[in-house]
1. Using 20 Å as the cut-off for backbone N distance, which residues of the stretch 1-30 belong to the label zone defined by a point 7 Å from the Cα of residue 169 along Cα→Cβ?
2. Once label points are set 7 Å from the Cα along Cα→Cβ at both residue 331 and residue 114, what is their separation, rounded to one decimal in nm?
3. Using unit Cβ charges (K, R positive; D, E negative) and no other charged atoms, how large, in debye to the nearest 20, is the dipole of the chain about its Cα centre?
4. For an R0 of 30 angstrom, estimate the FRET efficiency from the Cβ-Cβ distance between residue 258 and residue 31 and round to the nearest 0.05.
5. Just the number, please: percent antiparallel of the DSSP beta bridges in the chain, rounded to the nearest 5.
6. Can you give me the relative contact order of the chain as a percent, contacts being Cα pairs under 8 Å and 6 or more apart?
7. Can you tell me the relative contact order of the stretch 66-180? Whole percent, Cα pairs under 8 Å, sequence separation 6 or more.
8. Given the options 227, 310, 34, which has the most mean-square fluctuation in a GNM of the chain, springs set between C-alpha atoms less than 10 angstrom apart?
Amino acid sequence: MARIFSGVQPTGNLHLGNYLGAIRNWVRLQTQYECIFCVVDMHAITVWQDPKELRASTREVAAAFIASGIDPKSCILFNQSQVSAHAELAWIFNCVARLGWLNRMTQFKEKAGKDRENASAGLYVYPNLMAADILAYKATHVPVGEDQKQHLELCRDIAQKFNHDYGTETFPVVEPLILGEATRVMSLRDGTRKMSKSEPSDMSRINLTDSADQIVQKIRKAKTDPEPLPDNAAGLEARPEAANLVNIYAALGDLSRDAVVAQFAGKTFSVFKDALSQLAIEKLNPIAERMRELMQDQGQIDAVLRDGAERANAIAQPILREVQDTVGFLRP
Ligand code: ATP
Ligand code: LTN
């Protein structure tokens, strides 16, 4: 049976990349599959988080899921640290994954930067915890943005090595689901870098909670080239900033890139940016509004997360026990 798992870190403002690359696709999948969506607070602390801000961000990400249309009754929505199976399975996977595999992870290299000696050990084994998130539920499909592809390949390697070493068929082979026209939303200031929460300039991203004015400002200032829009999608090659804005428009409007290019062929970017701003405001502002309403009642969000954690735990516990038996751990 297909089961979906995915997660977002509570590490700051959610942005258009998180929405188009991940959360919006989850909303569509929830009617077809059993879905488990997680606010991965244990991943967040691989880099320093102020405890007060971590609590606030965890609730805010949960509110963003619900405001975007995730139904916490039909899906399971919870924060990772409430279900101990994630940490317990991650330890076992620390002993399955090879150093050589982890050394190839580009996200670690990017996040650790030049001062690698000073990165946390948690940041290094981050992908093992991510594999544990998924495999604690024997999830089969994982909807993510393109940047997570390498981590999912590692998850498959861990599952296969575990199955092979212990001579079992415990874990399924996990399939990434990389969906939509904006699987890699780029920075508004630099079309070669991905839009990211950790980029210092707020002008590089559109946050889910940005006001209409902020959206207009950021899109107006977004980097482009002096050429008008081409008359076919092939004309966007080697124009990363132009291609990025077209992709965003296509994803937000549920159109193909070709349809967007056909609609705006020969138009200047100032015309296109006005249309893009209007579309972004129309799609994002209702989500921001609903998030604000939800954030008024912290108790309600905490109750949703608690209920989700209980249901998640009910699935993960028997799987963890099966794994512990396979490994040879004695237990009561
Ligand atoms: P950071 O960039 O600070 O590491 P992040 O913005 O990538 O954080 P995550 O919590 O790591 O946020 O990612 C949550 C989900 O959003 C993942 O599925 C990821 O693939 C997706 N995602 C993140 N950034 C983008 C982007 N620019 N385009 C498309 N999808 C994205
Ligand atoms: N590493 C992911 C977040 C994440 C995740 C997961 C995604 C943690 N555990 C399990 C899918 C499945 C990221 O977006 N940076």
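1. 1-4
2. 4.7
3. Numbers: 38 positive and 41 negative charges, 71 e Å.
Charge dipole of the chain: 340 debye, to the nearest 20.
4. Numbers: r = 27 Å, r/R0 = 0.91.
In this case the efficiency is close to 0.65.
5. On the way: 2 of 16 bridges.
DSSP beta bridges in the chain are roughly 10 percent antiparallel.
6. Values: 502 pairs, mean separation 78.7, N = 332.
The normalised contact order for the chain reaches 24 percent.
7. Working: 100 pairs, mean separation 30.8, N = 115.
Value for the stretch 66-180: 27 percent.
8. Of the options given, 227 has the highest mean-square fluctuation.
Read the figures in this text as sums done on the coordinates, not as results from a lab. As the structure is a computational prediction, the values presented were derived from the model and not from experiment. Cβ coordinates were reconstructed from backbone atoms using ideal geometry, including for glycine residues, and neighbour counts include every protein chain displayed.
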